[in-house]
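Worksheet: the structure to be examined is printed underneath.
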Amino acid sequence: MKPAAFDYLAVESVEAALEALARAGGEAKIVAGGQSLVPMLNFRLLQPALLVDINRIPGLDFIAVEPARIRVGALTRHHRQETAPELREHLPVLSAAMAEVAHLAIRNRGTLGGSLSHADPAAELPMMALLLDAEIATASPSGGRRIAARDFFLGPLATGLAEDELLIEVAFARPAAGSGWAFEEVARRSGDFALAAAAVTLRLQDGRIAEPHVALTGVDETPLRAGAAEALLDGEAPGAELFAAAAEAVRRRVQPNTDLHASADYRRHLAGVLVRRTLEKAAAQAAGGRA
Amino acid sequence: MSGKRLVRMTVNGSPVEEAVEPRLLLSDFLRQVLGLTGTHVGCEHGVCGACTVRVDGSTARACLMFAVQAEGCRIVTVEGLGPAEALSPLQEAFREHHGLQCGFCTPGMLMTALDLIEKYPLASDAEIREGLSGNLCRCTGYEHIVAAVRAAAQRRREPSS
Ligand SMILES: Cc1cc2nc3c(=O)[nH]c(=O)nc-3n(C[C@H](O)[C@H](O)[C@H](O)COP(=O)(O)OP(=O)(O)OC[C@H]3O[C@@H](n4cnc5c(N)ncnc54)[C@H](O)[C@@H]3O)c2cc1C
Ligand code: FES
Ligand code: FES
């Protein structure tokens, strides 16, 4: 199908974008990579009066490595996040997850800001934002704010962003030196949205788990942090029984959907298996001393 | 409000200037306005890969971009790869290895494979299959396409062989 008619404005500054959004009074949509928005326009699920194209705003495509966090601009493309040497070195869990996002032609266009704003319940980047305690910075007519990833995702395709608010950058917290990490995904075909995926970062201190982070996607209304599993793991010595208990806590926590790709039961089963596997890998890596 | 806009870009090296409605997809612009029907259209939601073209050197789905967004861009379509009398090495590999039957998926396969060969080592068949997983083919069963891309990737790594 073809989209309904709309007006089009390519803006060259954040201010111009905010002004256009405010003027349109809720009738406008921002377009970044277009890889989620344009299919919805083609299907006429959305019929905005105006498209505000932010691709030509300079300064929103960047990766800045700081001691405690890594800031990534909203217009940074998926392919850059997959391949950037500074991310491979300092946030390898993120680069690993990016390789599973869609296909190259889509990764060439899709952006960090677009993925978080779109908030697909099976997307990888929202899961990474939760895993890495990201802080999301926005600009809006009232000045903008910083939103913790934990407070950002409200439901399927629903976030805390207002209609006149622009996502500007995301600050991912860097796991402590010596942390282990792992990411595992099951999808029907390479590049498809995850049926389920899990990611873990953790540290070992005197042989006990410290700062365990466990995140999942594809298994609930939004990507999530598995708080109950983390509480079980914290301060304990890694081992098969502990990881089985954490996997069981995750199976109890998640509320997956049945759809044409997989049943809720199968997704719940995968969530448990992937959490166990990622915990084993991350713990082995932390024990081996590799970051 | 949604009247026509002037858009300028280069397509396969030639400058192009046309007035278009903002809602005109790049895929329809190439096919209907410029008459470059090599770029095929299957699903119009990014899934089949038939419409894949190059925008400023990297692949993109032409069905997920509006022509107005290509202002100032360098677009390359399958017509830009090489004419029938002078096939590019990748096209030649598809011909040699029977990488096509009906040809519907072929333009997208070629454009995708070109980007893959430039960005990834494609050392194993698994890597090639993963790279092609965003392009659907209903005819070949993929084996011959993988063989063609394998040969082209190898030729690029070892130009003399
Ligand atoms: C075939 C296919 C397979 C895919 N597979 C996957 C997958 O496996 N995993 C995955 O995670 N994703 C997948 N995607 C989605 C892809 O990653 C998208 O690129 C991404 O979700 C959206 O990013 P975008 O820049 O294209 O956003 P757009 O499509 O431009 O925008 C998406 C939404 O976000 C809003 N928006 C965009 N930027 C901003 C901003 N800076 N501030 C505020 N609002 C903004 C838009 O208004 C729109 O509502 C797939 C897409 C396709 C077509
Ligand atoms: S027509 Fe563009 S991906 Fe199918
Ligand atoms: S050759 Fe017919 S669809 Fe691929």
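The values are calculated or read from the model by the stated rules, or taken from the named source; none is laboratory data. Only a predicted model underlies this, so the values are computations on that prediction, with no experimental measurement involved. All Cβ positions, glycine included, derive from the backbone under ideal geometry; neighbour counts span all protein chains shown.
Name the residue, out of A:Leu202, A:Leu224, that is more than 19 Å from A:Glu100 (Cβ to Cβ) and not assigned by TED's automatic domain parsing to the domain that holds A:Leu116.
A:Leu202
Hey, could you check the range B:46-68 for residues that are surrounded by fewer than 24 Cβ atoms within 10 Å (Cβ to Cβ) and at the interface with chain A (Cβ under 7 Å from one of its Cβ atoms) and say which is nearest to B:Val7 (Cα to Cα)?
B:Val68
Identify the residue in the range B:122-135 that is in a loop (DSSP other than H, G, I, E, B) and under 15 Å from the mean Cα position of the chain (by Cα) and, among all such residues, is nearest to ligand 3 (Cβ to nearest atom).
B:Asn135
For B:Gly72, state whether it is within 16 Å of ligand 1 (Cβ to nearest atom) and either out of contact with any Ser or Thr (no Cβ under 6 Å at 6 or more places or on another chain) or closer than 25 Å to B:Thr140 by Cβ (or both).
No.
Please verify whether the range A:104-119 includes one or more residues that are of a type in the set (D, E, K, R), within 16 Å of ligand 2 (Cβ to nearest atom) and outside the structural domain of A:Ala198 (by TED's automatic domain parsing).
The answer is yes, given that some residue of the range A:104-119 is of a type in the set (D, E, K, R), within 16 Å of ligand 2 (Cβ to nearest atom) and outside the structural domain of A:Ala198 (by TED's automatic domain parsing).
I'd like to know if the range A:233-255 contains one or more residues that are touching a residue at least 60 places away in the same chain (Cβ under 8 Å) and more than 21 Å from the chain's Cα centre (by Cα).
No - not one qualifying residue is present in the range A:233-255.
Give the range B:9-29 a look and list any residue that's surrounded by 20 or more Cβ atoms within 10 Å (Cβ to Cβ), more than 10 Å from chain A (Cβ to nearest Cβ) and either free of Cβ contacts under 8 Å to residues at least 24 places away in the same chain or out of contact with any helix residue (DSSP H, G or I) (no Cβ under 6 Å at 6 or more places or on another chain) (or both), or say none.
Of everything in the range B:9-29, just one residue is surrounded by 20 or more Cβ atoms within 10 Å (Cβ to Cβ), more than 10 Å from chain A (Cβ to nearest Cβ) and either free of Cβ contacts under 8 Å to residues at least 24 places away in the same chain or out of contact with any helix residue (DSSP H, G or I) (no Cβ under 6 Å at 6 or more places or on another chain) (or both), namely B:Val11.
For B:Pro83, indicate whether it is in contact (Cβ under 8 Å) with a residue 40 or more places away in the chain, surrounded by fewer than 23 Cβ atoms within 10 Å (Cβ to Cβ), within 16 Å of the chain's Cα centre (by Cα) and away from chain A (no Cβ under 14 Å). Spell out how you get there, then give the answer.
Details: in contact (Cβ under 8 Å) with a residue 40 or more places away in the chain: no; surrounded by fewer than 23 Cβ atoms within 10 Å (Cβ to Cβ): yes; within 16 Å of the chain's Cα centre (by Cα): yes; away from chain A (no Cβ under 14 Å): yes.
Taking the combined requirement at face value, the residue does not satisfy it.
Show the residue pairs that are 6+ apart or on different chains and have beta-carbon atoms under 8 Å apart, the first residue being within the range B:134-151 and more than 23 Å from B:Cys63 (Cα to Cα) and assigned by TED's automatic domain parsing to the domain that holds B:Thr106, the second being surrounded by fewer than 20 Cβ atoms within 10 Å (Cβ to Cβ) and of a type in the set (Asp, Glu).
From residues that are more than 23 Å from B:Cys63 (Cα to Cα) and assigned by TED's automatic domain parsing to the domain that holds B:Thr106, the pairs are B:Val146/B:Asp125; B:Ala148/B:Glu96; B:Arg150/B:Asp125; B:Ala151/B:Glu96.
Return the total of residues in the range B:90-149 being within 16 Å of ligand 1 (Cβ to nearest atom), of a type outside the set (A, V, I, L, M, F, W, C) and either under 22 Å from B:Asp56 (Cβ atoms) or touching a Lys or Arg at 6+ places or on another chain (Cβ under 8 Å) (or both).
Total meeting the criteria: 7.
Could you run through the range A:17-53 and say how many residues are more than 20 Å from the chain's Cα centre (by Cα), away from ligand 2 (no atom under 16 Å from the Cβ) and within 14 Å of chain B (Cβ to nearest Cβ)?
Summing the residues that are more than 20 Å from the chain's Cα centre (by Cα), away from ligand 2 (no atom under 16 Å from the Cβ) and within 14 Å of chain B (Cβ to nearest Cβ) in the range A:17-53 gives 16.
Considering every residue within the range B:11-19, establish whether at least one is in a strand (DSSP E or B), closer than 30 Å to B:Ala147 by Cα and more than 16 Å from ligand 1 (Cβ to nearest atom).
Scanning the range B:11-19 turns up at least one residue that is in a strand (DSSP E or B), closer than 30 Å to B:Ala147 by Cα and more than 16 Å from ligand 1 (Cβ to nearest atom).
Could you list all residues from the range B:138-152 that are farther than 20 Å from B:Tyr120 by Cβ and touching a Leu at 6+ places or on another chain (Cβ under 9 Å)?
B:Cys139, B:Thr140, B:His144
Is it the case, given these coordinates, that B:Leu100 is at pLDDT 95 or above and away from ligand 3 (no atom under 14 Å from the Cβ)?
no
If only one of A:Val72, A:Val101 is at pLDDT 95 or above, within 14 Å of another protein chain (Cβ to nearest Cβ), within 22 Å of A:Ala199 (Cα to Cα) and under 15 Å from the mean Cα position of the chain (by Cα), which one is it? Talk me through it step by step, then tell me what you get.
Values: A:Val72 fails: within 14 Å of another protein chain (Cβ to nearest Cβ).
Going through A:Val72, A:Val101 in turn, the sole match is A:Val101.
Since B:Val41 meets every condition but one in (1) β-branched (Val, Ile, Thr); (2) within 13 Å of ligand 2 (Cβ to nearest atom); (3) surrounded by 19 or more Cβ atoms within 10 Å (Cβ to Cβ), which condition does it not meet?
Going through the list (1) β-branched (Val, Ile, Thr); (2) within 13 Å of ligand 2 (Cβ to nearest atom); (3) surrounded by 19 or more Cβ atoms within 10 Å (Cβ to Cβ), B:Val41 breaks only (3).
Restricting the search to the range B:46-86, which residues are more than 13 Å from B:Leu30 (Cβ to Cβ), within 14 Å of ligand 2 (Cβ to nearest atom) and hydroxyl-bearing (Ser, Thr, Tyr)?
Listed by number, the list holds a single entry, B:Thr59.
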